[in-house]
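A short worksheet on the structure shown next.
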Amino acid sequence: MSDLKELLDFRKSAARPARHGNGEGRDKPTETEESAEDSCSAFGYVRGLRERALSLEVRFRDGNCDWFPYSWLGPYRFNPSVGLLLKFTGDTVILVLIRGSNLDALVNQSINLTDRGIARHRILWLREMEEEGIRQAGREQPTIDRIEVAEFETQDELRAWLKNTAPVFLRQ
């Protein structure tokens, strides 16, 4: 009986966060937690070099969003003249084609969409930008003009879509 009481006492103390001097609990994020994420006009990312996102949120101009788990991310390809092609594999194959400019440009001298962002699972979200946002971004900043998402059940469907949409990514 004593062991049960000790276990219950331990669970109660572990479940209750310590109170801060202002009387508020740990429900409010600390300054460090609030700054764990950052963004530019095209995408958001986790700041810590060892931090990882679990999924990638794709935000469309019309207000719709799709989420893709990083665990489904397979190979991806980057061609500066066409964009970034991501391949997610789950029940079906999903291709996400990101079109824009400066997609591999460094933001805050630390991250980009390609090798320092998506490759390291640090990108939290990316979005199609409005015309005004693209104009305001400047020549050196990454911009995302358009995002196309397509789902395939067969390799033939996938190849046909790529042939029509972004043939540069097809390999013979």
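Rule-based calculations on the coordinates, nothing more; no lab input. No experiment lies behind these values; they were computed from the predicted model shown. FYI the Cβ positions are ideal-geometry reconstructions off the backbone, even for glycines, and counts take in every protein chain you see.
What FRET efficiency, computed as 1/(1 + (r/R0)^6) with R0 = 25 Å and r the Cβ-Cβ distance, is obtained for residue 70 and residue 136, rounded to the nearest 0.05?
Numbers: r = 30 Å, r/R0 = 1.19.
The pair residue 70/residue 136 has a calculated efficiency of 0.25.
Convert each backbone phi in region 66-72 into a coupling constant with the Karplus relation 6.51 cos²θ - 1.76 cosθ + 1.60 (shift: θ = phi - 60°), then list the ³J(HN,Hα) values in order as whole Hz, x for Gly and Pro.
For region 66-72, the Karplus-derived couplings read 10, 10, 10, x, 4, 5, 8 Hz, x marking Gly and Pro.
For a quick check of your reading of the filter: which trypsin sites (Lys or Arg not before Pro) in region 129-172 sit in a DSSP loop and have no more than 14 other Cβ atoms within 10 Å?
In loop regions of region 129-172 (DSSP not H, G, I, E or B), the sparsely surrounded trypsin sites (Lys or Arg not before Pro) are 139, 171.
Please tell me the relative contact order of region 38-167 in percent, rounded to the nearest whole number, where contacts are Cα pairs under 8 Å and at least six residues apart.
29 percent
What does region 38-167 give for Rg and for Dmax, in Å, if only its C-alpha atoms count?
14.2, 41
Name the residue farthest towards the positive end of the dipole of region 38-167 from the options 112, 136, 161, assuming +1 on Cβ of Lys and Arg, -1 on Cβ of Asp and Glu, about the Cα centre.
112
Only four residue types carry charge here, +1 at the Cβ of Lys and Arg and -1 at the Cβ of Asp and Glu. Report the dipole size of region 38-167 about the Cα centre in Debye, rounded to the nearest 20.
On the way: 17 positive and 19 negative charges, 109 e Å.
In debye, rounded to 20, region 38-167 gives about 520.
What distance in nm separates the simple spin-label points at residue 47 and residue 151, each placed 7 Å from Cα in the Cβ direction?
For the pair residue 47/residue 151, the computed spacing is 3.7 nm.
What are the ³J(HN,Hα) couplings of region 87-99, residue after residue, when phi is run through the Karplus curve with 6.51, -1.76, 1.60 and θ = phi - 60°? Round to Hz, x for glycine and proline.
Running phi through 6.51 cos²θ - 1.76 cosθ + 1.60 with θ = phi - 60° gives 10, 10, 10, x, 5, 10, 9, 10, 9, 10, 9, 9, 10 Hz.
Tell me the volume per residue, in Å³, of the convex hull enclosing the alpha carbons of region 33-100. Provide the component values of the computation, followed by the final result.
Working: hull volume 8.8 nm³, N = 68.
Output value, Cα hull per residue: 129 Å³.
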